[in-house]
Amino acid sequence: MVQESIISSFRAKLENDPSKSTSLATVETLLEVLDRSRATTVAEFQNELNQVVAALEKTDYSSTSIRSAADLFTRFTSLAPAALLDQEDFSQVLDLYRQRARSFIKNVRGSRAKISKCARLLFTHHMNILTHSYSKVVLETILDAHKSGYHLHIWVTESQPDASGKRMCDELKKNGVPTTLVLDSCVGYVMERIQAVLIGAEGVMETGGIINKIGTVNVCVIAKARHVPVYVCAETIKFVREFPLNQADIPKEFKYRTSVIEKNNLELEHPDVDYTAPEFLTLIITDVGAMKPEAVGEELIKMYI
């Protein structure tokens, strides 16, 4: 019953605040678990978190974002001095975990603003930018640049089959940004007038490649052929310890929503995401700065040391 209320809280966070990322909702939900916890050992607390994370991954939200956020939350919050862990009163350990969790969430909440500030260095006036699908961090980055006086024209792919690009286009137009919606099959046609591709990511892999909305790899391959730089805006909380080398290596829980996997007939389903290898990406712009794709593995090592 407690787990059901936690999952309901997770869904409510995302439904009540459309600008909130799945990653942020995940760590806020895990903080609720931590606040409610009456665990008496590290193992007992870890088991509580694992059960909730497993339940979150069974929702139809991005399993990639949930897993990466949960892994980093657990890693960051569970660091504690050995002397404290040896004490009989485990409540003091939980208090330290809660303190560290709140610090972690504060950093996550400020991630998009840091990415936006970093990305602004890449913009020039009267720039044509192509983006794919609907990305909250890309939307905020473009709107911040627009408010700062940059004259940008944004080209957005429809991003079928759910037409998420149309939602992105509508949001940009509503905020006064000149925007053109283009067919997914039209990317090669418009690329010759594009100065940069700006995309988000559901997950940044240890390889330096990304998992993102289906069709992303098409955009990036065409951009490279046209010598157009591809910039990925992604919070470090989306860095994932996975090492795919091709589309077949993507875990099925990343490719499909739970409701689709439960049908047990994936041969008839189209994947929600694809994998774009690092050689098709120019820079990954994060809350800790811009980095080359090949630097992601080293950054992940730092996070988990």
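The values are calculated or read from the model by the stated rules, or taken from the named source; none is laboratory data. Because the structure is a prediction, the values reported are computed rather than measured. Counting neighbours? That spans all protein chains shown, and the Cβs are built from the backbone with ideal geometry, glycine included. What goes into the accessible areas is simple: the full protein's heavy atoms, side chains included, and nothing from ligands, DNA or RNA. Shrake-Rupley method; radii C 1.70, N 1.55, O 1.52, S 1.80 Å.
Observations, loosely collected:
- Cα-based radius of gyration for region 73-115, normalised by 2.2 N^0.38 Å, reads 1.39.
- All lysines inside 23 Å of K13 as judged from Cα atoms, apart from same-chain residues fewer than 8 positions distant: K58, K106, K114, K136, K213, K238
- Helical runs (DSSP H, four residues minimum) scored at -39500 (n - 2.57) apiece and divided by the length of the chain put the mean residue ellipticity at 222 nm at -14500 deg cm²/dmol.
- Judged by the mean number of other Cβ atoms found within 10 Å, the most tightly packed of the peptides 213-225, 179-191 leads the ranking 213-225, 179-191.
- Of all accessible heavy-atom area on region 2-110, the percent that carbon and sulfur account for (1.4 Å): 50
- Here each label is just a point 7 Å from Cα along the line to Cβ, and for V182 and I7 those points are 4.2 nm apart.
- Label-reachable residues, region 66-80, where backbone N falls under 17 Å from a point 7 Å from Q46's Cα toward its Cβ: 70-80
- In this simple spin-label model, placing a label point 7 Å from the Cα along the Cα-to-Cβ direction at both T124 and R109 gives a separation of 3.9 nm.
- Packing, as the average of other Cβ atoms within 10 Å across residues, places the peptides 170-178, 262-270 in the order 170-178, 262-270, highest first.
- Region 1-131, Rg to Rh (Cα coordinates; Rh as Kirkwood inverse mean 1/r): 1.07
- Average accessible area per residue (Å²) across the chain - probe 1.4 Å, nucleic acids and ligands excluded: 47
- Under the combined filter of DSSP loop state and at most 15 neighbouring Cβ atoms within 10 Å, region 19-51 retains these trypsin sites (Lys or Arg not before Pro): K20, R38.
- Surface composition of region 115-304: carbon and sulfur make up 52 percent of the accessible area, probe 1.4 Å.
- Remark: the Y304-D60 segment gains 85.1 nm on full extension, using 0.36 nm per residue and subtracting the alpha carbon distance.
- In this rough spin-label picture, where each label sits 7 Å from Cα along the Cβ direction, the E267-E294 distance is 4.1 nm.
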